[in-house]
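Notes follow once the structure below has been shown.
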Amino acid sequence: MQASLILENGAVFLGQSIGEVGKRVCELVFNTSMTGYQEILTDPSYAGQGVVMSYPLIGNYGVNEEDNESGRPWAEALIVRHLSALGSNFRCQGSLDSYLKQHHIVGVQGVDTRALTRILRSQGTMNGMITCGSDFSVKEALEELRIYRVSGTVERVTRAAPEVFPAQRDERFKVALMDFGVKQNMITCLTKRGCAVTVFPAHTSAQDILSGGFDGVMLSNGPGDPADNVEIIGEVRTLYESALPIFAVCLGHQLLALATGAKTHKMPFGHRGGNHPVRDVAAGRCFITSQNHGYVVTPETVDPAVAAISHINVNDGTVEGLRYQRPNFFTVQFHPEAAPGPMDTEYLFDEFLRMMGGVRNA
């Protein structure tokens, strides 16, 4: 069946329908990864967004239960140049097309995704509509695209109740993890290091965390505009004023920056992919990182009396990490739980454990 992708700027791309047959409006973003499409689809940070894969062949190793980063996919749509009908991999449990249908994700293939990526790169992230069949009105679509905005996403993706994940080895620490859209591998990176992790819903009060006997707090990744989360930012400020060590990633990094007086802004097209070079300022080393974000901390708003910029993106100079002047507080914009390098930045979890060693609860 024919499928059409209509952009907010009026451009129309024609292709063939994949996944569920239907219509979907979403914010279009592009990802430059060559692999990892299942992890991308199940990353809660993509809630409200349609993903354009710039690599031309997607689905060639199928899907399996092990690679999910959460209990369900969160991406609204998938746009690819060519979708492989069969998956060739010893772990393959099904095709990507069947997976999209099972989870009601619409998509389109046969699109020149590199041309589409160039549009999003030069004109910025924009809304898009996928519609199946040949009966559609571009004028009506543009009206719908004009008013669409991604909002309320943290509330959509967070857990409804706390969940405990025991340590995979002798328990060393108890960690409270605030779920703003956490990826499963972030939990795994803690439990395999001997941490018992309690994952809390996003709107849990700081007092509940502080009275829980935890050794440290992680603020997770997640979707949407960080400045929309006014109540959460207030609770994060209370956590910052405590003595508990804090390690924050992606959205959590932005929320802590906002809680301490800095500002954030939307990037033209964001960072999404597995090959973003980041320089650790203190170490003088460059790491290859996995990233997925559309907002960034505004560097000139960071008060040097509060925090120093610890990591910088080599490509565009944007803020990739903050080291706070108060001891035992640090944050990064990229994903240390992912493995693009393959494990270049997992040392940050070890640093978090070292911070907790000085304040361990009995």
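The values are calculated or read from the model by the stated rules, or taken from the named source; none is laboratory data. Because the structure is predicted, anything quoted here is derived from the model rather than measured. Using ideal geometry, Cβ is built from the backbone for each residue, glycine included, and neighbour counts are taken over all protein chains shown. What goes into the accessible areas is simple: the full protein's heavy atoms, side chains included, and nothing from ligands, DNA or RNA. Shrake-Rupley method; radii C 1.70, N 1.55, O 1.52, S 1.80 Å.
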Å² per residue, accessible surface of the range 272-362 at 1.4 Å: 43 Å²
Sites V306 and A283, calculated FRET efficiency, Cβ-Cβ separation with R0 25 Å, nearest 0.05: 0.70
Karplus-derived 3J(HN,Hα), 6.51/-1.76/1.60, for each residue of the range 310-324, Hz, glycine and proline x: 9, 9, 10, 6, 5, 6, 10, x, 6, 6, 10, x, 10, 10, 7
Residue among F349, A308, T260 farthest towards the positive dipole end of the range 232-362, charges placed on Cβ: T260
Cα gyration tensor shape for the range 33-88, rounded if a/c is under 1.5, else prolate or oblate: oblate
Sequence-separation-based contact order of the range 247-362, relative, with Cα cut under 8 Å and 6+ spacing, percent: 27 percent
Cβ-Cβ FRET estimate between Q123 and S205, R0 fixed at 41 Å, reported to 0.05: 0.45
For the range 285-359 and the range 143-176, distance of Cα centres in Å: 20 Å
Net dipole in debye of the chain [+1 Lys, Arg Cβ; -1 Asp, Glu Cβ; about Cα centre; nearest 20]: 440 debye
Alpha carbon centroid spacing (whole Å) that separates the range 61-107 from the range 192-264: 31 Å
Accessible-area composition of the range 161-277, carbon plus sulfur, in percent [1.4 Å probe]: 50 percent
Carbon + sulfur, % of accessible area of the range 1-110 - ligands and nucleic acids excluded, 1.4 Å: 51 percent
Probe 1.4 Å, protein heavy atoms only - accessible area per residue of the range 74-135 in square angstrom: 49 Å²
Accessible solvent surface per residue of the range 185-264, calculated while the other protein chains remain in place, 1.4 angstrom probe, Å²: 27 Å²
Square roots of 5 times each gyration tensor eigenvalue, C-alpha, the chain, largest first, Å: 35, 22, 19
Of all DSSP beta bridges in the chain, antiparallel share, percent nearest 5: 60 percent
Given charges at Cβ of Lys, Arg, Asp, Glu: the chain dipole, positive-most of S17, V217, N31: N31
Difference of contour (0.36 nm per residue) and Cα-Cα distance, T35 to Q325: 100.6 nm
